[in-house]
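S.K.: First the structure, which I've put down as structure tokens, then a few questions once you've had a look.
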Amino acid sequence: MRRPLTYAAGLALAVTSLLGVAACGQPEPAPTEEGTVSVPIQPTLTPYETQTASADPSEAVPGGAFDLEAMLETDSCDQSGGVWSFAGTFANTTDEALDIRVAISLVSTADLNVLTVHEVDLTVPPHETLPVEAPDFYADQDVDPAAVQCLTGVADKGE
């Protein structure tokens with residue numbers, strides 16, 4: 001069992017600590033001629049930027065990055081007799097040759113399950129347009145074309 005003296009000592013220690021922390025870092029009050037006290041405001045928090053900077057992904061940015069996906073045009077991604085084929089073109093609008101990889105994915109719209117991913121590698125000279133073809137890249141007689149979406153992506157293999 002604790003004695004009242006122990007409680008009093010603990011309470012005194014807590015009050016002293018609280019007063020010490022409360023006074024920490026505060027400016028000294030400066031009395032004015034009218035007898036009032038003026039204390040300058042001291043911000044303790046720095047505003048945090050919550051919005052990310054946005055950029056147009058189709059425009060070149062410092063370092064030469066740009067949206068390769070915008071240079072790919074899909075002409076068709078269809079199935080015939082349960083066999084899927086892709087056809088499109090890639091137009092290199094830059095002044096440099098691009099070493100790219102085009103990924104063609106079939107994704108179930110019901111559960112977002114990826115059925116397949118097929119990749120096509122190309123080297124496209126500057127200001128040239130090349131066909132991107134993936135004939136017969138996936139075969140499954142049981143896949144309903146209405147329940148599948150064809151998605152594409154382009155990556156720069158040179159980076």
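S.K.: For the stretch 101-118, does any single residue satisfy the condition of being polar (S, T, N, Q) and either in contact with a helix residue (DSSP H, G or I) (Cβ under 9 Å, 6 or more places away or on another chain) or at positive phi (or both)?
M.R.: Within the stretch 101-118, the subset polar (S, T, N, Q) is 105, 108-109, 113, 116.
So of that shortlist, the ones also either in contact with a helix residue (DSSP H, G or I) (Cβ under 9 Å, 6 or more places away or on another chain) or at positive phi (or both) come out as 108-109.
Yes, some residue in the stretch 101-118 is polar (S, T, N, Q) and either in contact with a helix residue (DSSP H, G or I) (Cβ under 9 Å, 6 or more places away or on another chain) or at positive phi (or both).
S.K.: From the residues in the stretch 118-146 that are among the aliphatic types (A, V, I, L, M) and surrounded by 11 or more Cβ atoms within 10 Å (Cβ to Cβ), which one is nearest to Thr74 (Cα to Cα)?
M.R.: Looking only at the stretch 118-146, we keep the residues that are among the aliphatic types (A, V, I, L, M), and these are 120, 122, 124, 130, 132, 134, 139, 143, 146.
From what's left, surrounded by 11 or more Cβ atoms within 10 Å (Cβ to Cβ): 120, 122, 124, 130, 132, 134, 139, 143.
Numbers: Val120: 14, Leu122: 15, Val124: 16, Leu130: 12, Val132: 9, Ala134: 11, Ala139: 20, Val143: 21 Å.
Checking each candidate, the answer is Val132.
S.K.: Kindly indicate whether Ala87 is surrounded by fewer than 18 Cβ atoms within 10 Å (Cβ to Cβ), free of Cβ contacts under 8 Å to residues at least 24 places away in the same chain and either assigned to a loop (DSSP other than H, G, I, E, B) or among the small types (Gly, Ala, Ser) (or both). Outline the logic, then answer.
M.R.: On the way: surrounded by fewer than 18 Cβ atoms within 10 Å (Cβ to Cβ): yes; free of Cβ contacts under 8 Å to residues at least 24 places away in the same chain: no; either assigned to a loop (DSSP other than H, G, I, E, B) or among the small types (Gly, Ala, Ser) (or both): yes.
Judged against the criteria, Ala87 is not a match.
Just so you know, all these numbers are worked out from the coordinates, no wet-lab data involved. Since the structure is predicted, the reported quantities are computational estimates derived from the model, not experimental observations. Here Cβ is always computed from backbone atoms with ideal geometry, including for glycine, and neighbour counts include all displayed protein chains.
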